[in-house]
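Visitor: A single structure is presented below for examination.
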Amino acid sequence: MADTRFFRRSGPFSLGSIAQHVGASLSRPTLADLSMHDLASLDTAGPSDVSLFSNGAYQGVAASSRAGALITSRKLGGLMPEESCLLYVTDPRLAFALVGSLFYPARTPDAGIHETAVVASGSTIGEGCQIDAGVRIGREVTIGLGCHIEANAVIGDGVSIGQACLIGANGTVRHALVGSRVRLGSNSCIGGEGFGFVPTPKGLLRQTQLGRVILEDDVEIGSNSSVDRGALGDTIIGRGTVIDNLVQVAHNVRIGRHCVIAAQAGIAGSTEIGDNVMIGGQSAIIDHVKIGPRARIAARSGVMRDVPEGETWGGVPAIPIRQWHRQTALLARLTERKAQED
Amino acid sequence: MADTRFFRRSGPFSLGSIAQHVGASLSRPTLADLSMHDLASLDTAGPSDVSLFSNGAYQGVAASSRAGALITSRKLGGLMPEESCLLYVTDPRLAFALVGSLFYPARTPDAGIHETAVVASGSTIGEGCQIDAGVRIGREVTIGLGCHIEANAVIGDGVSIGQACLIGANGTVRHALVGSRVRLGSNSCIGGEGFGFVPTPKGLLRQTQLGRVILEDDVEIGSNSSVDRGALGDTIIGRGTVIDNLVQVAHNVRIGRHCVIAAQAGIAGSTEIGDNVMIGGQSAIIDHVKIGPRARIAARSGVMRDVPEGETWGGVPAIPIRQWHRQTALLARLTERKAQED
Amino acid sequence: MADTRFFRRSGPFSLGSIAQHVGASLSRPTLADLSMHDLASLDTAGPSDVSLFSNGAYQGVAASSRAGALITSRKLGGLMPEESCLLYVTDPRLAFALVGSLFYPARTPDAGIHETAVVASGSTIGEGCQIDAGVRIGREVTIGLGCHIEANAVIGDGVSIGQACLIGANGTVRHALVGSRVRLGSNSCIGGEGFGFVPTPKGLLRQTQLGRVILEDDVEIGSNSSVDRGALGDTIIGRGTVIDNLVQVAHNVRIGRHCVIAAQAGIAGSTEIGDNVMIGGQSAIIDHVKIGPRARIAARSGVMRDVPEGETWGGVPAIPIRQWHRQTALLARLTERKAQED
């Protein structure tokens, strides 16, 4: 179970109400009144915990799990002992995520502005907002209903933030228009100056960076990530896109909706990324290219040109993933043959 | 135009005065009195905006642009319709950057120390400095004229900062001597302990890190970057060098003047980098090597040995870039041939 | 010598007492009463400085060094002029590290809670702790004896921290149980939400992240690094493991004892790393793999599967390092041959 020092649990809930919450049918309907107190992993769950069996590779662990009930598919459920208490659903991982938020609902902000927070003139803080200690809010800032600005975060002049957002501790948000339900990790920096310089005989001259960052609704960004503002236009991250820790998004990048960008990836200036794109960890995408919708970029790739819609690319420079795998395999084979000849 | 919530615009300026400011000659001198109100990109500019045409690939966009005037070269200008209002210069990008700082001059700090800032004993804050809310300045710190220390930044004991510097919000500066006109992004960390340990039978023993960080004049560093102090000597970043976001500079690294280091690059301990070197994004340079002046390192390279002056290297391990391109091409060809044989 | 603005020196110490402190024998015992005032590198040391000669490549520099005494091995000492004042030890680097902490002992915290720090109700701060300006400590936090929490750090509700820890300026620690003598760099983020989402027809649904971060005794983490908390179980970093700057540790990762993880490395979710593993800079390790004890991963590698105990791997995808070197060499040779044929 989750550590109560950090998480507040709801419940207990009956198996029947859990089944209803996630749209499941019970393998043993007579157990509908059984009380479940928590969720847990297969190996640590006890008789009053709900657990998840979504991957056939864990059949053995699932069969010996002491969990009171398992969320699973009809197909995987067939691998379990007959007496198992199963919750059949079409998407077990989704159902388990819903059970997670049932037992551990999102915290409602404790409305109030801490006495050590500073809110400059002309700013509007919506009802129900929690503004923690040491927060600095600039001039003419607008913050919507029910936001939580964590301790020591800094919100620059003129920034606009929608409803129900979370700005992490020690985060910095400037030159940005932020939608609703946006979540920013701690120590992340939104709206910094883009990396734009012009060489001159006397050295590099900074180009004034006059754009903004637009974070649409439901965007999530991890900790220690940087999103620079545009040079003239805007840097835009589309609705529902999620970005991990330590990611770099350069000036004038445009990212579509519902993209997934893993940790330490970097996207160079003015690149355009379509909807539903997935980018693996530590990948780099060069400036001024276009990544088509639903494309996937393998971890540690270096994308140097446009990637067509729906394709999966990998390698440095990145190429279609099958080609890359063939190249890797051929080089291994040639090396082995050479070693045998020597 | 730039969002007035974030940027304060000067002007309007006559075409003639703009031409004079950037050293341009007008294609249509009779328009010298025309008022220009802003700058904009080719596709969004209107009749009172100055725009930039510096790349022949954008000829079509430039020809159909509604911009009141285009900054361009004589050569590119020849591609434009005869009636176009052009500002001829030898370096259009430089001229456009100068127009940017004409319309949007750098903000002068609002002199004053916010009541929530803490300045420890023995520290000196120069005239005209703006010290924002929540800033923590240690003992015996010296800050020159006209600096802006943004909210919640932390300046450690003994640090010295020159004139007209900008220290970003939530940034940390310690064990450092900082020149003038230095700009540090938000959430960056200057002067942390270098990563030096000695193995012992009982585990790793930290080597006391007794050096400093020297940032010479006009250095710029982005957000979420780390520059560690030296172990015995200093970590030095030369005059006018610019460093992007999420970059790692390890202890005792010495970087020359006017270098450009892109996002997420990493430079390991004691490596020396000459003047005017360019390092691409996500590149790594191993410890204790020398990169000659004017060398260029491609994005995502892994440099494992010295790079001679003026050369361009790429790949992992990095080699001269043409060799790397040939290797990449050969492997692709061999793989294709193999596929046809199978 | 170290800059006295930043470092407080002890001493002077006699050569004899230094020899005793590090278990050295003196090449010239008659000099045991000589006073040494500091330590320095070979090239900058003067007659009252101790320096280090631990690498034969520096024989020339060592021979011409003006250092008052050199810490070295008997073997390397044989390369020095006969009149040299040498401190013979079996591990010169270790001895020099010990001399470093003799002249520059770790600072004892200045006990006290700054008036601008905020400590929420139910929290316990141990004796001798130094809580700097702007620190925010949540509810029900426990901090042991003699810790130093630097300026503007944020400690979340329920966090527990052992004795003699250092939490760097602008750092964030949440959902974490921290051992003793743990040191966290500035602007690092411990305990953020893991990157776990389930795709749904309406977009990505965040999985509630209900685990913790466990940092065992003597863990050190650099600046701008991120360690996410577990999804259900915990993210664990074992005793004595040291982690550099800008490193990503994802949810449910388990790292053993005495590992060394260099800058900008990234470890994806649920991966297990044994004891005494070394991971080079900018390396990535995919999720759900196992790295055996004493394995070494070369810088810039991309590990896609399990690495056996004690092996050294490199490349992307990573393979045993000799194989990788052979592949690299073969490709270079083939390319050269092809160039000659053309």
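The values are calculated or read from the model by the stated rules, or taken from the named source; none is laboratory data. If you're wondering where the values come from, they're calculated on a predicted model, not measured in any experiment. Positions of Cβ are backbone-derived with ideal geometry, glycine not excepted, and every protein chain shown enters the neighbour counts.
Visitor: Look through the stretch C:11-27, keep the residues that are at pLDDT 95 or above and in a loop (DSSP other than H, G, I, E, B), and return whichever of them is nearest to the other protein chains (Cβ to nearest Cβ).
Guide: We begin by selecting, within the stretch C:11-27, every residue at pLDDT 95 or above; these are C:12-27.
Applying the additional criterion that residues be in a loop (DSSP other than H, G, I, E, B) yields C:12, C:23-24, C:27.
Values: C:PRO12: 16, C:GLY23: 12, C:ALA24: 15, C:SER27: 22 Å.
Among those residues, the one meeting the criterion is C:GLY23.
Visitor: Also, I was wondering about something else. Give the stretch B:139-151 a look and list any residue that's buried (at least 24 other Cβ atoms within 10 Å of the Cβ) and touching a Gly at 6+ places or on another chain (Cβ under 7 Å), or say none.
Guide: Result: B:ILE143, B:CYS147, B:GLU150, B:ALA151.
Visitor: Considering only the stretch C:214-227, how many residues are more than 7 Å from chain A (Cβ to nearest Cβ), part of a strand (DSSP E or B) and under 15 Å from C:ALA268 (Cα atoms)?
Guide: The number of residues fulfilling the criteria is 1.
Visitor: Counting just the residues of the stretch A:284-295 that are in a loop (DSSP other than H, G, I, E, B) and either surrounded by fewer than 20 Cβ atoms within 10 Å (Cβ to Cβ) or touching a residue at least 24 places away in the same chain (Cβ under 8 Å) (or both), which one comes out farthest from the other protein chains (Cβ to nearest Cβ)?
Guide: A:GLY292
Visitor: Out of the stretch B:7-30, which residues are surrounded by fewer than 15 Cβ atoms within 10 Å (Cβ to Cβ), touching a residue at least 40 places away in the same chain (Cβ under 8 Å), more than 20 Å from B:ARG93 (Cα to Cα) and not charged (D, E, K, R)?
Guide: Of everything in the stretch B:7-30, just one residue is surrounded by fewer than 15 Cβ atoms within 10 Å (Cβ to Cβ), touching a residue at least 40 places away in the same chain (Cβ under 8 Å), more than 20 Å from B:ARG93 (Cα to Cα) and not charged (D, E, K, R), namely B:SER10.
Condition check ((1) surrounded by 15 or more Cβ atoms within 10 Å (Cβ to Cβ); (2) hydrophobic (A, V, I, L, M, F, W, C); (3) more than 30 Å from B:CYS147 (Cβ to Cβ)) across all residues:
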| residue | (1), (2), (3) |
| --- | --- |
| B:LEU70 | yes, yes, yes |
| B:LYS75 | no, no, yes |
| B:GLY78 | no, no, yes |
| B:GLU83 | no, no, yes |
| B:LEU86 | yes, yes, yes |
| B:VAL89 | yes, yes, yes |
| B:PHE96 | yes, yes, no |
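Visitor: How many residues are part of a loop (DSSP other than H, G, I, E, B) and more than 14 Å from chain A (Cβ to nearest Cβ) if we restrict to the stretch B:228-246? Step through it out loud before you land on a result.
Guide: Taking the stretch B:228-246 as the starting set, the residues that turn out to be part of a loop (DSSP other than H, G, I, E, B) are B:229-234, B:238-241, B:244-246.
Okay, now just the ones that are also more than 14 Å from chain A (Cβ to nearest Cβ), so B:229-234.
Here the count works out to 6.
Visitor: Please determine whether any residue of the stretch C:200-208 is β-branched (Val, Ile, Thr), in a strand (DSSP E or B), at pLDDT below 95 and farther than 19 Å from C:VAL253 by Cα. Please lay out each step first, then the result.
Guide: Filtering the stretch C:200-208 down to residues β-branched (Val, Ile, Thr) leaves C:200, C:208.
Within this subset, residues satisfying the condition of being in a strand (DSSP E or B) are C:200.
Then drop every residue that is not at pLDDT below 95, which leaves C:200.
Narrowing further to those that are farther than 19 Å from C:VAL253 by Cα: C:200.
Yes, the stretch C:200-208 contains a residue that is β-branched (Val, Ile, Thr), in a strand (DSSP E or B), at pLDDT below 95 and farther than 19 Å from C:VAL253 by Cα.
Visitor: Also, I was wondering about something else. Just name the residue that is farthest from the other protein chains (Cβ to nearest Cβ) out of those in the stretch C:304-342 that are within 20 Å of A:LYS338 (Cβ to Cβ) and of a type in the set (Val, Ile, Thr).
Guide: C:ILE321
Visitor: Determine whether A:GLU311 is within 23 Å of B:ASP244 (Cα to Cα) and without any contact (Cβ under 8 Å) to a residue 40 or more places away in the chain.
Guide: no
The rows are residues; the columns are (1) among the basic types (Lys, Arg); (2) touching a His at 6+ places or on another chain (Cβ under 9 Å); (3) outside any strand (DSSP E or B).
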{"position": "C:SER270", "(1), (2), (3)": "no, yes, yes"}
{"position": "C:ASP275", "(1), (2), (3)": "no, yes, yes"}
{"position": "C:HIS325", "(1), (2), (3)": "no, no, yes"}
{"position": "C:LEU330", "(1), (2), (3)": "no, no, yes"}
{"position": "C:ARG333", "(1), (2), (3)": "yes, no, yes"}
{"position": "C:GLU336", "(1), (2), (3)": "no, no, yes"}
{"position": "C:ALA339", "(1), (2), (3)": "no, no, yes"}
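Visitor: Inspect all residues belonging to the stretch A:177-193 and state whether any of them is facing chain B (nearest Cβ under 9 Å) and basic (Lys, Arg).
Guide: The answer is no; no qualifying residue exists.
Conditions (1) without any contact (Cβ under 8 Å) to a residue 12 or more places away in the chain; (2) among the hydrophobic types (A, V, I, L, M, F, W, C), marked per residue:
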{"position": "A:SER54", "(1), (2)": "no, no"}
{"position": "A:ALA57", "(1), (2)": "yes, yes"}
{"position": "A:VAL61", "(1), (2)": "no, yes"}
{"position": "A:GLY68", "(1), (2)": "no, no"}
{"position": "A:THR72", "(1), (2)": "no, no"}
{"position": "A:LYS75", "(1), (2)": "yes, no"}
{"position": "A:MET80", "(1), (2)": "no, yes"}
{"position": "A:SER84", "(1), (2)": "no, no"}
{"position": "A:VAL89", "(1), (2)": "no, yes"}
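Visitor: One residue is enough: does the stretch A:130-147 have a residue meeting the conditions within 30 Å of B:ARG8 (Cα to Cα), touching a residue at least 24 places away in the same chain (Cβ under 8 Å), out of contact with any helix residue (DSSP H, G or I) (no Cβ under 8 Å at 6 or more places or on another chain) and among the hydrophobic types (A, V, I, L, M, F, W, C)?
Guide: Scanning the stretch A:130-147, I find at least one residue that is within 30 Å of B:ARG8 (Cα to Cα), touching a residue at least 24 places away in the same chain (Cβ under 8 Å), out of contact with any helix residue (DSSP H, G or I) (no Cβ under 8 Å at 6 or more places or on another chain) and among the hydrophobic types (A, V, I, L, M, F, W, C), so the answer is yes.
Visitor: I'd like to know if the stretch A:247-254 contains one or more residues that are of a type in the set (Val, Ile, Thr), under 20 Å from B:GLY280 (Cβ atoms), more than 10 Å from chain C (Cβ to nearest Cβ) and in a loop (DSSP other than H, G, I, E, B).
Guide: Scanning the stretch A:247-254, I find at least one residue that is of a type in the set (Val, Ile, Thr), under 20 Å from B:GLY280 (Cβ atoms), more than 10 Å from chain C (Cβ to nearest Cβ) and in a loop (DSSP other than H, G, I, E, B), so the answer is yes.
Visitor: As an exercise: evaluate A:ALA263 against (1) more than 13 Å from chain C (Cβ to nearest Cβ); (2) buried (at least 20 other Cβ atoms within 10 Å of the Cβ); (3) of a type in the set (A, V, I, L, M, F, W, C) and give the number of the one condition it does not meet.
Guide: Tallying (1) more than 13 Å from chain C (Cβ to nearest Cβ); (2) buried (at least 20 other Cβ atoms within 10 Å of the Cβ); (3) of a type in the set (A, V, I, L, M, F, W, C), A:ALA263 fails exactly one: (1).
Visitor: What tally of residues in the stretch C:42-64 results from selecting those that are out of contact with any helix residue (DSSP H, G or I) (no Cβ under 9 Å at 6 or more places or on another chain) and closer than 21 Å to C:ALA2 by Cα?
Guide: 7
Visitor: Answer yes if at least one residue in the stretch A:28-47 is more than 14 Å from chain C (Cβ to nearest Cβ), in contact with a Pro (Cβ under 7 Å, 6 or more places away or on another chain) and modelled with pLDDT of 95 or more, and no otherwise.
Guide: Looking for residues that are more than 14 Å from chain C (Cβ to nearest Cβ), in contact with a Pro (Cβ under 7 Å, 6 or more places away or on another chain) and modelled with pLDDT of 95 or more, one finds at least one in the stretch A:28-47, hence yes.
Visitor: Of all residues in the stretch B:31-46, which are loosely packed, with under 14 Cβ neighbours inside 10 Å and assigned to a loop (DSSP other than H, G, I, E, B)?
Guide: Hit for the stretch B:31-46 is B:ASP33, nothing else.
Visitor: Something else: Return yes when B:HIS258 is out of contact with any Leu (no Cβ under 8 Å at 6 or more places or on another chain), in a loop (DSSP other than H, G, I, E, B) and not β-branched (Val, Ile, Thr) and no when it is not.
Guide: Against the criterion (out of contact with any Leu (no Cβ under 8 Å at 6 or more places or on another chain), in a loop (DSSP other than H, G, I, E, B) and not β-branched (Val, Ile, Thr)), B:HIS258 does not qualify.
Visitor: Another question about this same structure. Give the number of residues within the stretch A:66-99 that are more than 14 Å from A:ILE18 (Cβ to Cβ) and of a type in the set (Ser, Thr, Tyr).
Guide: 3
Visitor: Follow-up. From the set of residues in the stretch A:152-165 that are crowded, with 20+ Cβ neighbours inside 10 Å and outside any strand (DSSP E or B), which is farthest from the chain's Cα centre (by Cα)?
Guide: Among those residues, the one meeting the criterion is A:GLY158.
Visitor: Can you work out which of the residues in the stretch C:100-128 that are within 13 Å of chain B (Cβ to nearest Cβ) and of a type in the set (A, V, I, L, M) is surrounded by the fewest Cβ atoms within 10 Å (Cβ to Cβ)?
Guide: Among them, the one singled out is C:ALA106.
Visitor: A follow-up question, please. Looking at the stretch B:196-210, can you tell me whether even one residue there is facing chain C (nearest Cβ under 8 Å), among the aromatic types (Phe, Trp, Tyr) and crowded, with 24+ Cβ neighbours inside 10 Å?
Guide: Scanning the stretch B:196-210, I find no residue that is facing chain C (nearest Cβ under 8 Å), among the aromatic types (Phe, Trp, Tyr) and crowded, with 24+ Cβ neighbours inside 10 Å, so the answer is no.
Visitor: Any idea which residue in the stretch A:296-307 is nearest to A:GLY233 (Cα to Cα), counting only those that are among the aliphatic types (A, V, I, L, M) and assigned to a loop (DSSP other than H, G, I, E, B)?
Guide: A:MET304
Visitor: Looking at (1) surrounded by fewer than 20 Cβ atoms within 10 Å (Cβ to Cβ); (2) in the same structural domain as B:GLY230 (by TED's automatic domain parsing), which is the one condition that is false for B:GLU341?
Guide: The failed condition is (2).
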